[in-house]
Each structure stands twice: as C-alpha cells, then as structure tokens.
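J.: Right, I'll just put the structure down here and ask away after.
The values are calculated or read from the model by the stated rules, or taken from the named source; none is laboratory data. None of the values given here were measured: they were computed from a predicted structure. No Cβ is skipped: glycine too gets one built from the backbone with ideal geometry, and neighbour counts run over all protein chains shown.
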Amino acid sequence: MESASDNGGSEQSSSSAQSVLQMAQVLYPVVLLLTFIISAGIHTIVTSKTEEELATPTVTGPGGKPLPITKRRRRHQASQIDDDANTRGFAWSVFLYLTAAIIVSFVANGAAAAVHAMKSSRDAGFTHVWWCGEQRIVYIVGSAFLYLYVLITLLEWRESPTLVHGIFWVLGLAGETIILLASAVTISDGGYLTYLADSNSDSDLEFWDILDLGIAGIRVCILIILVSLYGAIARKRLEERRFLDEEAQRSDSDEGSPLLGANSDDEGRVNGHARRNIQYGSTTRDPRRDSNIRPNEQGTPQQDNEAAFYRSDKIPHKTWFEYCRGYSVFFPYLWPSRSSRLKGVVVLCFVIVILQRVVNILVPAQLGVVTDIFEKRNIDKVWFELGLLILYKLLQGPSGLLGSIRSILWVPVSQHTYRALTTAAFEHVHSLSLDFHLGKRTGEVLSALNKGASINQFLEQVTFQVVPMLVDLLVAIVYFYIRFGSLYALFVSIITFYYLYLTIRMGATRADQRREMVNADREEEAVKNDSIMSYETVKYFNAERREFDRYGNAIKKFQDAEAKVTYGINHMNMCQSVVFMCGLLVALLTCGYQVSRGDRTVGDFVLLVTYLNQLQGPLNFFGTFYRTVQSAMISGERLLELFKIQPTVVDKPGVEALKECNGHIKWNEVGFSYDKRRTALQNLSFECKPGTTTAFVGESGGGKSTVFRLMFRYYNCREGSIEIDGHDVKDVTIDSVRGFIGVVPQDTILFNESLMYNLKYANPSATDEEVFDACRAAAIHDRIMSFPDGYSTKVGERGLRLSGGEKQRVAIARTILKKPKIIMLDEATSALDGETEQKIQSKLISGKFGEDRTLMIIAHRLSTITHADQIIVLHAGTMVEKGTHQELLALNGRYTAMWEKHCRAERAAEHARDATRKAKKLLSQANLGNDGYNSMLSSAILPTAPHSPVTTADEARDTDSVSSHTSDSTSSGSESTLQDDAPENGEGGPNKPAESARPPLYSYPSESSAGRSTDASISP
C-alpha cells in the first residue's frame, strides 16, 4: 500500500513538474522578447530626454499653437562618459563571447534532439517516429533566435551593454533556473524530458535527458557570469558619472571660470551661469546667417548645434522617439479639433479599420472551411460557405468595399490636415524676423514648404496602414497559436520579427544614402530656382553654358545618389524574399508532413498557405512603406527644422496695441549691433516732431538703413529706447507700430499682378478715385494711362516690366494710399530726375497727402533734402552733425564736404547734358542719317562744353552715385525722356538756346571759387 502510495505521489509530482517545465519552455522566449522590446523602448525614451536640454517653448505659431525651440546639445561634455571606451574592451568581448556561448548551447540542444530522433527511429526500425514535443522545439528554436538578436544588439548599439541587456540577462537567468529545476525534479521523480510518440519506453532516454540537463546547467552558469559582470560594470559607471558630474560642477563655478567669459559658448553661458533666455527682439545671429554662404562652404567649421535647416550636409541620426517627439509639433495642426463632423469621420474610419482586421482573419479561415467541405463532398453546405467566402473577399483589402468607404470618408480629413499644415508653414515663414529672410536661400525655403504633402501622406499611412499591419501580424501569431499550436506561432513570429528587423536595419544603413538623394534633389531645385530668378544676370554675362553645366552637375549628383538608393532597395528586396521563403518552406513542410500522417486536414494546409501568403502582403508593404517613411521623414526634417526656427523680434506678453499716432518720434541714446563684434549704431538720439521732415545722410554703411529697420521694428535696439508719441515701441504690438508707418524702399518689389492690385495692396478698401489721386501725387498716373491696359497692366515677375523710376513712383503711390502718419523714404526717388523728385516731395510735405505727417528720408542726392527741418549726418553708426541745411554748411564739416562734391557732380552732369543737346543740334544741322553715323564720327564733332571743369578721378569716384541719379533723366521713364528729347525751338522760340527751355533746378557754387565755396546758395 505504501509503495503504491509513494508511486502515485511520485507520478503526480513528476506530472506537475513536467507541466511547469512545458509551460516555462513556451513562455520563456515570449516573456524575454516582450521584456526586451518594452525595456528597449523605455530606455530610448529616457536616454533621448537626457541627451538634450528641454526648454518650455515661449513662442507660438499660427493659431496660438506652440512652436518648439531649436534644442541645443549639452555643452558640459565633461559630465558625459564615453561608454564605448569603458566597455568596448576586454569586458565587452566577454559579453559577446558569453552570449555567443548561450546560442551555441541552444544549438547543442537542437543537435542532440536531431541525433536522438535519427538514432531512436533507426533502432525502432523506422516503425516509431520520435518527437520531442512542440514545447521543447519552441523553447530551443525561439530562444536561439532571441539570443542571436541580443548578440546583434551588442554589436550594433553604441553604448552596449545597456540596462536593457542587464534586465534581459537577469530575467533569462530566472527563467533558465526554473526550467533547470523543473527538469531536475522531473528526472528525479522518474519522468523524462523527452518521449516517444508511439512507445512508452526507450533505453536511451536517460542519457539524452542527462545531456539536456547538463547543457541547461552550463547555460545557467553563463548567465550568472553575465549578470555579475554587468552589475560590476554598471556600478563602476555610476561611480564615474557621479565623480565627473561633481568635477563639472566645480569647474563651472564662478571661481573657476574666466572673468571676461572669453570662452563662453554661443548660448550665453558665462561664468557658470545658466544659458540666458531669448529676449524680446534679440538679434543674436548664428554664424550661418552672417552671410549667404552655405555652411559647408564657409572658411571656418560650423558648430554642431547649428539648426538642421542650415546644414543639409549634416545627417542627424535620431531614434524613433526623437522623431515622434519632433513630429509632435505637427499634431495640433492636423487634428480637426474645431470640427465635430470631422472628428466623427475619424472615429468612423477607425471602426472600419477594426472591421478590416476581422475580415483578414475570416477570409483564410473560410477558405479552409470550403476546402474541407469539398474534400468531404458535402455539396449541400458548400454554396452557403462559398457565398460567405465571396462576401469576405468583397470586403477585404484596401481596394475592397470597406477600404474604399474608408478612403472616401477620409478625403475631407486629409484635405483639412494638408491645408492646416501648409498654411501654418506659410504663416510661420512670414512670422520669422528679417534676419532669417536676409540669409535664406529662397529655393531651399520653398522646398521645405513643399514638404507638407509628405507629412500628410506619412501620417495617413501610419494611421491606416502601418498600425493595422502590425495588428494583423500580432493577430496572426495569436491565431496560429490557437488554431495550429505553439510551433506554428513560433514560425510566424520568427518570420515576422526577422523580416521587420532586416527591413529596418538595411533601411537604416541606407538612410544616409536616401538623405543624400533628398539633399541632392533639394540642391537641384535651388540651382534651378536661383538660375531662373537671375535670368537677366545670366544674359548680361553670357553665362548660359555655365548655368547649363551647373544644373547638369546638380542633376548628375542627384542621379548618382538615386542609383545608390535603387541598388540598395533591390538588395533589400532579395534578402526579404529569402527570409520569408525560408520560413514559409519550413512551415509548409511541417504542415504537409502532419497532413500526410493524418494529424491535420487538407483545409488546414490551405488555410496555412493562404494566411501566410496574406501576411506576405503586409510584410512586403512594410518594406515599401519603410522606404516611404524614410523619404517622408527626411523630407519632413526640413519642414520640422523650419518650424523650430523662432522669430527674434516678438511682442512682449500682454502688450497693448498703439491706438493713435501723431507721428512724434524720439530716440534716446539708442545702441544696436547686428554682430556683437561690430557696433551698427551707438548713442543715437534725435527727435522728429509731427509734420516735420528729417533727412539722414552719410556714407554707405554708416547706419542709415539700420535706423529705418529699427524704426519699423525689424529689430529691437539693444540699448536706449525708441518712442512714438511717448510710447516705447517695445511696449506696444509690432503690428500696431507698423500700421502707422509707410515705407518706400530703394528696391521696390511688386507682385506679378495688375498695377491696380499692387496699388490697392496697401489699402484694399481704397476707391479707384483715391488710387488715381495717389498716382497723380506720385507723377505716375499719366504714364499708367498711356499703357494699352492702363491700370490692368501686368507688371511681371517682381515688377520687372516697369522701369526703376516707374516702380518707385508706384511704391510712393502705394504708400500714400496706406495713409500712414510716418513716412520713411529709403532713397525712394533715386531713379527719378530731380524735377520729378521735387514735385513728389513737395506734395508729400505740403500737399494734402503730407498734412501732419512725419517724413524721414534717406538720400544721397543732397539737393533734394535742403528743405528738411533737420538733417542728421551719420558716420560709423554715430551722429556727427545735426541741423538744417544752412546750419550744417556753416559748420564747415563733413556735410559741407559732401555738399561740395554733390555740387561738382551736378555741374558735371549739367555740362554733359549741354554737350549732348549741342551734339544733337549739330548732327541735325549736318543732316546725318543713321547709315552715315558712327561713334568715331560723333566723337570727332562733339564740341567741348564751355567752362567745363576738370574733374579729377577722385572727384568722379566720389560722385558716382549722384551723377548716376541726375543722368537718369534720359533713361528712367518715358516722361523724363520726352522732356530731354523736346525740340530746341521750345518755349523761347527758335533763337533761344535750348537749355533755357528748362531752367536749372538748383543754384550751385561758382566755378571760380577756390577752396570752400562762398556762393550764396550754400552760405548760411
């Protein structure tokens, strides 16, 4: 009785231990895989957060949505440990060899099972087939492939072994210990680790069990060594990191840093203090913006923390979490938060996606059912089941009924996301400050703006293709486990995992090539855009062949990069096919063998083949989609970095708008610099009362244009303050300040629209009569009416169909229509003749258009500003003289010298006009025709202008800009041309000199004056 009782207890104990063993063998690779994936994801998130210093965004984009700042890398590199140097030595080699030894141990288990099968089958005369069980095969094969992947990560990951490996080894040790103990209990209680499928005994079982037990024991010992070694290295890393952090803190203290902060970084970290925040109106510029030279063409290397938008040759290697975190800036623009209807459509589309996943399971299952019915020849039920199969096929796939309905429903959502993103990008570029637009390459910015469609397509594919595909793969593994057992679930898992890994890995290795192709494509677009925009310059220098070669080289560079990507894609496709076909072959051989033994039906085989072929579609799509994702993300990087660029001049929080403006301007010791190494303005103070005119003169680079830029709040002053009607411009909104200021720039840019559109751009509500009055004030109305289409005339790209003088007069008329209280003229009449210029300025000052308006003028032609209430002379950013025209002449200083040069230039220009008119008169009297005229003959008969002063080379060089302006009366427009070409027998009759028909506009010093002129026109 006792013996029987003992035997019963032993059998029960052995049965329990064997159940635990089988369960542990199945769960071991599954739990380890899930743990590794989850811990790797968490590790990626944690490490990506510590690699960058995060800051709360203070700038909002269109619609009030937050824009992230461009993050900077940590500068105190002393606190970062080179993990490669610490571990990629002897210890790292030990980790590799020990992990490889574990893989070898599983291979040994598999080899022992294979030898055991062949030996036992031969000894039984091949009447019995030995089978070690699905659980053990899952354990051996699954664990071997899993540890193989861990070995690959040790080789590929930059900081291996990481905490992810440590957790994996600890959990693996626990699992192997459980399996070893369960195996030992099973053997000690008389059980077996293996069994015969058709027999209850075998004389060789004890040897094979002991062999498996010994291999498992060796594996446990290896894992103990791995865990112990990793623990020691992790402790050492922690101590070194703590020590170096303390050293970094001491070295960054105030006592240890240079007093002058000469070596401070570009982020403002001086004397150990934290980096300063970006101030309102900050104009600290990156080295990339100091010129239009691209970063890789500059003489000095660029900093690594340069924004990626300006470093197309740089290749940022990011983790998946860094990409997701970066692309999260787009999500507020993509989600239809303001439309309940669109949100309902999104929910309905997600429901359809779930139904599609169910249909993907029903199709192969129903096909297996139909096959079994045909095999059993049960014709009565076949029609109904066949109808269900047809219905499921009708619903299946992206082109099926469900997929088509989802695509139709998604159209308005897709249009909303595209419209929101592209509009936001366009508005963001307009919100950026002047310093960005001065240094940008238009072609590259346009290329970045065109990437909105790529982002939209990428997010749609992720939502409705990638995520459902991953769900299909997970559902397939679970379905095969339930329907066919753990062995087939293992086959599908290995195929899926290594197919995806191979795709991601090979795609990642070719990411550099794809990024190179994208950069080459962008460079080609930039070259094409620059060349077409500079059409006239190309023609001026006969540089067509040079441009053709430059564009051809850009195309060749793109095609070379494209060829590398194409070769890589084909190579990856071949490797993917090999992986999938190997897994499919093993699964089909196993199922076919079971069907031949009668363990499974033909319907099961058809179901397996159909489902695996159905899985090949998502897997192949993932390979294609991964390349699409790479292209979209690489294209989106440009747009993402563009979004991260912040405007340097923004409104302070809570500021109010400037309600009214009288035009009272006051500058109080204003200081400003574009670059901290050079001052642009220094201690500049002046006051402009309402209704007065202030002129700024000085040499080029003296700071005149900077004054206008600060006044218009393109920049904010670093020192002092600028006040309008007693309000500091920093304490009111930028838009309200600009609303009261009208600017006529020297280089006028017009839209490629009609003249009426360009004129009403300043005031869309203006009537046509108001437009006509403004054009009359700008002396352009008659000229416009002489055009065949009048005010409907298209002005061409950037207004190039108009002459320089015509564009300037259109710009003046446009500014008049704006009705500003402050008008700034930046050499706005440089392309006009003096008489037209005087007429326009008189109307701006004393006419109805200039009533109570404050006028600020930049002029090189000094005769046009003699009426100014005050003239400010700027030199090297400082005000050297200030006063009226007469007061400045009395000072006998810099302004007087400029006035004398101007007068000499005017006299020279007037004598040149006299000589031209006399030459025309002589040619007319000689009755010379075009055929008999040549330049040599004309130069021989041209008379010398009487009393023509001898102008030295230096004087001519000093007056180059002035003389070019005054001589423009013969070329800057048809109106002035008609004046110059008037017949000599004009108002004074045939005997009156031609030059008397238009008296001189100004009085100049007498030619006989020596030294400083004492002519009444320039005396105080």
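J.: Yes or no: the range 480-493 includes at least one residue that is at pLDDT below 80, over 25 Å from residue 622 (Cβ atoms) and not assigned by TED's automatic domain parsing to the domain that holds residue 135.
T.: The answer is no, given that none of the residues of the range 480-493 is at pLDDT below 80, over 25 Å from residue 622 (Cβ atoms) and not assigned by TED's automatic domain parsing to the domain that holds residue 135.
J.: Give the residues of the range 874-919 that are of a type in the set (Ser, Thr, Tyr), farther than 30 Å from residue 676 by Cα and in contact with a helix residue (DSSP H, G or I) (Cβ under 6 Å, 6 or more places away or on another chain), sorted by residue number.
T.: Listed by number, the list holds a single entry, 896.
J.: Identify, from the list 177, 186, 194, the residue that is of a type in the set (S, T, N, Q) and either within 23 Å of residue 34 (Cβ to Cβ) or modelled with pLDDT of 90 or more (or both).
T.: Only one candidate passes the filter, namely 177.
J.: While we're on this one: Which one of these does residue 728 not meet: (1) touching a residue at least 12 places away in the same chain (Cβ under 8 Å); (2) under 16 Å from residue 684 (Cβ atoms)?
T.: Going through (1) touching a residue at least 12 places away in the same chain (Cβ under 8 Å); (2) under 16 Å from residue 684 (Cβ atoms) one by one, residue 728 breaks only (1).
This table checks each residue for (1) over 15 Å from residue 510 (Cα atoms); (2) touching a Gly at 6+ places or on another chain (Cβ under 8 Å); (3) not aliphatic (A, V, I, L, M).
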residue	(1), (2), (3)
556	yes, no, yes
566	no, no, yes
569	no, no, no
582	yes, no, yes
592	yes, no, yes
595	yes, no, no
610	yes, yes, yes
618	yes, no, yes
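J.: Also, I was wondering about something else. Which pairs turn up if I take residues in the range 128-145 that are of a type in the set (Phe, Trp, Tyr) and look for partners that are surrounded by fewer than 19 Cβ atoms within 10 Å (Cβ to Cβ) and modelled with pLDDT under 85 with beta carbon separation below 7 Å, at least 6 apart in sequence or on another chain?
T.: 130/117; 130/121; 130/196; 130/197; 131/197
J.: If you don't mind, another one. Just the residues that are farther than 20 Å from residue 210 by Cα and either modelled with pLDDT of 75 or more or in contact with a Cys (Cβ under 7 Å, 6 or more places away or on another chain) (or both), please, taken from the range 82-121.
T.: Listed by number, the residues that qualify are 90, 91, 92, 93, 94, 95, 96, 97, 98, 99, 100.
J.: Still on this structure: Residue under question is residue 373, and the condition is that it be over 52 Å from the mean Cα position of the chain (by Cα), within 20 Å of residue 483 (Cα to Cα) and at pLDDT below 90; does it hold?
T.: So residue 373 fits the description; yes.
J.: While we're looking at this one, here's another question. Tally time: how many residues in the range 732-771 are under 17 Å from residue 822 (Cβ atoms) and assigned to a strand (DSSP E or B)?
T.: 5
J.: So which residues in the range 122-148 are at pLDDT 85 or above and of a type in the set (A, V, I, L, M, F, W, C), if there are any at all?
T.: Scanning the range 122-148 gives 137, 138, 140, 141, 144, 145, 146, 148.
J.: Does the range 796-805 contain at least one residue that is assigned by TED's automatic domain parsing to the domain that holds residue 751, over 20 Å from residue 836 (Cβ atoms) and more than 39 Å from the chain's Cα centre (by Cα)?
T.: Among the residues of the range 796-805, not one is assigned by TED's automatic domain parsing to the domain that holds residue 751, over 20 Å from residue 836 (Cβ atoms) and more than 39 Å from the chain's Cα centre (by Cα), which makes the answer no.
J.: Quick one: what pairs do we get from the range 437-450, first residue part of a loop (DSSP other than H, G, I, E, B), second modelled with pLDDT of 70 or more, C-beta under 6 Å, 6+ apart or different chains?
T.: That search, which allows pairs on different chains as well, returns 441/526.
J.: For residues that are among the hydroxyl-bearing types (Ser, Thr, Tyr) and part of a strand (DSSP E or B), tally how many sit in the range 686-731.
T.: Matching residues across the range 686-731 total 3.
J.: Turning to a different aspect of this structure: When you look at residue 426, is it surrounded by fewer than 20 Cβ atoms within 10 Å (Cβ to Cβ) and of a type in the set (Phe, Trp, Tyr), yes or no?
T.: Taking the combined requirement at face value, the residue satisfies it.
J.: Just the residues that are within 19 Å of residue 704 (Cα to Cα) and of a type in the set (Lys, Arg), please, taken from the range 650-675.
T.: Correct list: 666 only.
J.: Identify, please: which residue in the range 309-330 is assigned to a helix (DSSP H, G or I) and of a type in the set (Gly, Ala, Ser) and is, among those, modelled with the lowest pLDDT?
T.: 326
J.: List pairs: first residue in the range 639-660 and surrounded by fewer than 15 Cβ atoms within 10 Å (Cβ to Cβ), second residue aromatic (Phe, Trp, Tyr) anywhere in the structure, Cβ distance under 6 angstrom, at least six positions apart or on different chains.
T.: If the second residue must be aromatic (Phe, Trp, Tyr), the pairs left are 652/280.
J.: Hey, does the range 600-612 have a residue that's in contact with a Cys (Cβ under 6 Å, 6 or more places away or on another chain), aliphatic (A, V, I, L, M) and at pLDDT 85 or above? Step through it out loud before you land on a result.
T.: Residues of the range 600-612 in contact with a Cys (Cβ under 6 Å, 6 or more places away or on another chain): 605, 608.
Restricting the remaining residues to those that are aliphatic (A, V, I, L, M) gives 608.
Applying the additional criterion that residues be at pLDDT 85 or above yields 608.
Yes, there is a match, as at least one residue in the range 600-612 is in contact with a Cys (Cβ under 6 Å, 6 or more places away or on another chain), aliphatic (A, V, I, L, M) and at pLDDT 85 or above.
J.: Here's a follow-up. I need the helices (runs of 4 or more DSSP H) fully contained in the range 865-970, keeping only those with at least 3 residues that are at pLDDT 90 or above.
T.: Details: elements: 885-891, 894-925, 935-941, 953-958, 960-966.
Ranges flagged: 885-891, 894-925.
The rows are residues; the columns are (1) in the same structural domain as residue 787 (by TED's automatic domain parsing); (2) closer than 23 Å to residue 852 by Cα; (3) of a type in the set (D, E, K, R).
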| residue | (1), (2), (3) |
| --- | --- |
| 728 | no, yes, yes |
| 734 | no, yes, no |
| 754 | yes, no, no |
| 763 | yes, yes, no |
| 768 | yes, no, yes |
